[in-house]
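Only one structure is covered here, and it is reproduced in the block below.
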Amino acid sequence: MKPTGFLLMAVLLVAPARSLAQNKLDNSKRELKAESSPSSSMSSRSSSSDDDSDSGSFFVEEILWPAIEYTVWAVGKYGLIGDYNNEDHLYNGLTRYPYEFDEAGNYLRAVDTVRRYVFRIDASDKYLHTTGFMYGNQLDVKVRPHEAFYLKMGYRHLFEKNQATGKTNDLAITDFSFAYDRVRTERFNLGWSIGYTHVFSGVNKGGINLGLNAEYFMRRRISFLGAAQWAWVNSQPIRNLELETRWHRKNFFIGAGYENIKIASSKFNFMTLGGGLSF
């Protein structure tokens with residue numbers, strides 16, 4: 001074989017291998033670790049006369065800030081927290097575990113039982129699998145010291161085998177959140193969360209996260225769960241969507257579902273299988 005032909009063949013063989021070596025998890029980690037580019041331009045400061053300053057101060061202090069404060073108060077009270085004077089479901093009590101009573105999931109109507117204090121911990125673990133060479137595990141723990149709010153901790157560990165090198169790359173992500181159930185009925189609960197997300201595996205960066213979750217309980221001890229979370233780490237998005245069907249038996253459940261995860265520019269789709277326990 002002529003040297004030029006051998007060189008061309010070598011290039012054609014090496015180029016695909018090099019592209020395969022850069023897998024999706026590597027790409028996500030590289031983007032999460034990249035230095036954020038500074039703003040190309042800074043907002044300029046403009047000088048103003050004393051009269052302009054006085055009129056602007058009056059508008060901000062007497063009109064703008066009261067409007068903002070009222071909007072935040074109204075949204076916080078009636079949107080995020082609820083109106084305890086007019087929404088009876090906000091007084092519903094927490095069950096010791098889903099379907100502790102046949103007609104109730106996570107919450108029981110206050111008029112149906114004597115008021116009681118329940119401290120509850122929910123722990124779940126599931127295996128994440130997709131076609132190809134990628135898999136993972138997800139562990140979640142909810143500590144419920146109160147019927148309305150809880151603390152949520154999650155640990156997700158993803159693995160991907162590089163087909164070119166045989167090396168397995170990994171990415172670990174933890175979440176710590178404060179969560180509040182805005183709607184608390186016997187068959188349905190809907191809530192929001194806010195917290196902190198941290199990425200390990202050589203990235204070692206973190207950022208704020210926001211989430212929504214809901215669960216609907218059917219009569220045959222089967223529930224449907226949906227949850228979404230948005231996080232921003234080093235100006236890059238980390239987003240996940242969970243859909244799961246759960247079959248409950250006493251204080252444990254078995255679940256199967258689907259999870260979509262976006263880390264920086266890379267997207268992953270998983271089928272999930274796992275279980276959980278309340279105590």
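The values are calculated or read from the model by the stated rules, or taken from the named source; none is laboratory data. Note that this is a predicted model, so its numbers are computed, not measured. Here Cβ is always computed from backbone atoms with ideal geometry, including for glycine, and neighbour counts include all displayed protein chains. What goes into the accessible areas is simple: the full protein's heavy atoms, side chains included, and nothing from ligands, DNA or RNA. Shrake-Rupley method; radii C 1.70, N 1.55, O 1.52, S 1.80 Å.
General remarks:
- If you check 154, 206, 166 for being small (Gly, Ala, Ser), open to solvent by 20 Å² or more (accessible area, probe 1.4 Å) and at pLDDT 95 or above, only one passes: 206.
- Test: residue in segment 118-140 that is of a type in the set (Phe, Trp, Tyr), outside any loop (DSSP other than H, G, I, E, B) and over 23 Å from residue 180 (Cα atoms): yes
- Matching residues, segment 178-235, being of a type in the set (Ser, Thr, Tyr) and more than 16 Å from the chain's Cα centre (by Cα): 185, 201, 216, 223, 235
Table: residues versus (1) aliphatic (A, V, I, L, M); (2) over 23 Å from residue 178 (Cβ atoms); (3) loosely packed, with under 15 Cβ neighbours inside 10 Å.
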residue	(1), (2), (3)
215	no, no, no
221	no, yes, no
235	no, yes, yes
240	no, no, no
246	no, yes, no
253	no, yes, no
264	yes, yes, no
268	no, yes, no
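- Taking the criterion of being basic (Lys, Arg) and in contact with a Ser or Thr (Cβ under 7 Å, 6 or more places away or on another chain), the only residue of segment 216-270 that qualifies is 246.
- Scanning segment 202-259 for residues that are among the hydrophobic types (A, V, I, L, M, F, W, C), touching a residue at least 60 places away in the same chain (Cβ under 8 Å) and either in contact with a Cys (Cβ under 6 Å, 6 or more places away or on another chain) or not in a strand (DSSP E or B) (or both) gives a single hit, 203.
- Filter result for residue 154 (farther than 17 Å from residue 279 by Cα, in contact with an Asp or Glu (Cβ under 8 Å, 6 or more places away or on another chain) and small (Gly, Ala, Ser)): yes
- Of residues in segment 79-104 being acidic (Asp, Glu) and open to solvent by 60 Å² or more (accessible area, probe 1.4 Å), the one nearest to residue 254 (Cα to Cα): 102
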